[in-house]
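After the structure tokens below, expect a handful of questions from me.
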Amino acid sequence: MCANKREYRYRKPRREHISLPKDASRIAEDIRTMRIRGAGRIASSAVEALRIVARNSPAEDAERFVSQMSDAARFLLQTRPTAVSLPNGIRYVMHRVNQAKPKATSAAELKLVAIEAADDFVELTRTAVERIGEIGAKRIREGDVVLTHCNSGAVISVMTTAWREGKRFEVYATETRPRFQGHITARALAHVGIPVTLILDDAVRYFMQDVDTVLVGADAITANGALVNKVGTSMVALAAHEVDVKVFVAAESYKFSPETMIGELVEIEERDPSEIISRKKLNQLGRVVVRNPSFDVTPPEFIDLIITERGIIPPLGAMLILQEVFGVLTPEELREYQTYRIDEN
Ligand code: RUB
């Protein structure tokens, strides 16, 4: 949720240039260019990059090691701004490194802490998606028609788990312009045998009367239970609300934004207009501005349930998850958290 209009305007993301091991910098580039995408994969891949940095660090003392890791963390955070799982994943590793630092006698000791924390986070992402599949599958009924938007690993996990349990249902998948992530969803579902119909984003309201449940993923959940997800999600939820269709969100606990507990907003990424229209065609149109926000905000009133690996909550229970996972942030923790955020001004 971003109140500042200026932030909605497309600007080329500022990039700090630091030298990273080749594999880590390839991951960063793949996230930036969306070869790696989806909030869950973005987070686990960024943490994987941090693990590569730790493994390859030539630092001989603890101070130097932490400074190299912090530089890499800041660099990775610049890759995509909206997925809160990214700073949460980075923080998961850096918090443990910073906690171990005062007692560490060598860089090697801290290296082990960083690698272990990264291993734990990557494993957490795997088990969380699996558990969401098991919990969410219970909410899919025999004969249901489920509509989804974009491509979410957590949503695919729910659907494939329900299908493997023997439930028979069908799915409408929106194509999801401009990047067509709906094709990835359709392919994944068809692959396991789930009947899937690909529809235009604009046809959501037309089909909504046939739908029993909407199920979408999340890039971020705010403290008041609002959902930040692929642009168009809020229109899907609005169309569902109109005809009383339930809206479920599948979101791992590391998609919840601790910063929103203290009033910060989730930045909405605005991507290059060329994803929507080529420069040549745009020039032919004359003086036209093109806007390409990648995400939007669905208010909690339009959401029935959030399925997390810790259980199912109503949107207003978001604060419970935040407090369980992050506690109440002390000023020191908050400073540490914000150390890895890029100053946009
Ligand atoms: C992807 C998107 C997905 C969420 C959840 O956007 O909005 O719904 O990230 O996905 P993009 P997951 O394609 O721009 O990254 O459940 O896999 O984390």
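Any residue in region 148-168 that's under 18 Å from Lys255 (Cα atoms) and at pLDDT 95 or above: show its pairings with residues that are open to solvent by 20 Å² or more (accessible area, probe 1.4 Å) and more than 10 Å from the ligand (Cβ to nearest atom) at Cβ separation under 6 Å, as long as the two are six or more apart or on different chains.
Ile156/Ala188
Output the number of residues of region 224-246 satisfying the condition of being open to solvent by less than 20 Å² (accessible area, probe 1.4 Å) and at positive phi. Working first, answer last.
If we filter region 224-246 for residues that are open to solvent by less than 20 Å² (accessible area, probe 1.4 Å), which is where we start, we get 225-230, 232-233, 236-237, 239-240, 245.
Narrowing further to those that are at positive phi: 225, 232.
Counting residues in region 224-246 that are open to solvent by less than 20 Å² (accessible area, probe 1.4 Å) and at positive phi gives 2.
Checking Ile90 against (1) modelled with pLDDT under 95; (2) open to solvent by less than 30 Å² (accessible area, probe 1.4 Å): exactly one of these is not met. Which one?
Only one criterion in (1) modelled with pLDDT under 95; (2) open to solvent by less than 30 Å² (accessible area, probe 1.4 Å) is unmet by Ile90, namely (1).
So is Val236 more than 18 Å from the chain's Cα centre (by Cα), aliphatic (A, V, I, L, M) and within 12 Å of the ligand (Cβ to nearest atom) or not?
Values: more than 18 Å from the chain's Cα centre (by Cα): yes; aliphatic (A, V, I, L, M): yes; within 12 Å of the ligand (Cβ to nearest atom): yes.
Criteria met by Val236.
Filter region 252-303 down to the residues that are acidic (Asp, Glu) and more than 16 Å from the ligand (Cβ to nearest atom), then identify the one that is least open to solvent (accessible area, probe 1.4 Å).
Across region 252-303, the extreme among qualifying residues is Glu259.
Can you find even one residue in region 156-170 that is open to solvent by less than 10 Å² (accessible area, probe 1.4 Å), under 19 Å from Val228 (Cβ atoms), within 12 Å of the ligand (Cβ to nearest atom) and within 21 Å of the chain's Cα centre (by Cα)?
No, there is no match, as no residue in region 156-170 is open to solvent by less than 10 Å² (accessible area, probe 1.4 Å), under 19 Å from Val228 (Cβ atoms), within 12 Å of the ligand (Cβ to nearest atom) and within 21 Å of the chain's Cα centre (by Cα).
Just to verify a result, which residue in region 183-193, among those that are surrounded by 20 or more Cβ atoms within 10 Å (Cβ to Cβ) and more than 11 Å from the ligand (Cβ to nearest atom), is nearest to Val158 (Cα to Cα)? Walk me through how you get there before you give the answer.
Residues of region 183-193 surrounded by 20 or more Cβ atoms within 10 Å (Cβ to Cβ): 185-186, 189.
Checking the rest, the ones that are also more than 11 Å from the ligand (Cβ to nearest atom) come to 186, 189.
Numbers: Ala186: 14, Leu189: 11 Å.
Selected residue: Leu189.
If you scan region 204-223, which residues turn out to be away from the ligand (no atom under 16 Å from the Cβ), surrounded by 14 or more Cβ atoms within 10 Å (Cβ to Cβ) and part of a helix (DSSP H, G or I)?
Those that are away from the ligand (no atom under 16 Å from the Cβ), surrounded by 14 or more Cβ atoms within 10 Å (Cβ to Cβ) and part of a helix (DSSP H, G or I): Arg205, Phe207, Met208.
Hey, Arg139 hits all of (1) buried (at least 23 other Cβ atoms within 10 Å of the Cβ); (2) touching a residue at least 40 places away in the same chain (Cβ under 8 Å); (3) not in a helix (DSSP H, G or I) but one; which does it fall short on?
Answer for Arg139: the failing condition is (1).
The values are calculated or read from the model by the stated rules, or taken from the named source; none is laboratory data. The structure displayed is predicted, hence computed values, not measured ones. Note that each Cβ is placed from the backbone with ideal geometry, even for glycine, and that neighbours are counted across all protein chains shown. We work out accessible area using only protein heavy atoms, side chains counted, and drop any ligands, DNA or RNA first. Shrake-Rupley method; radii C 1.70, N 1.55, O 1.52, S 1.80 Å.
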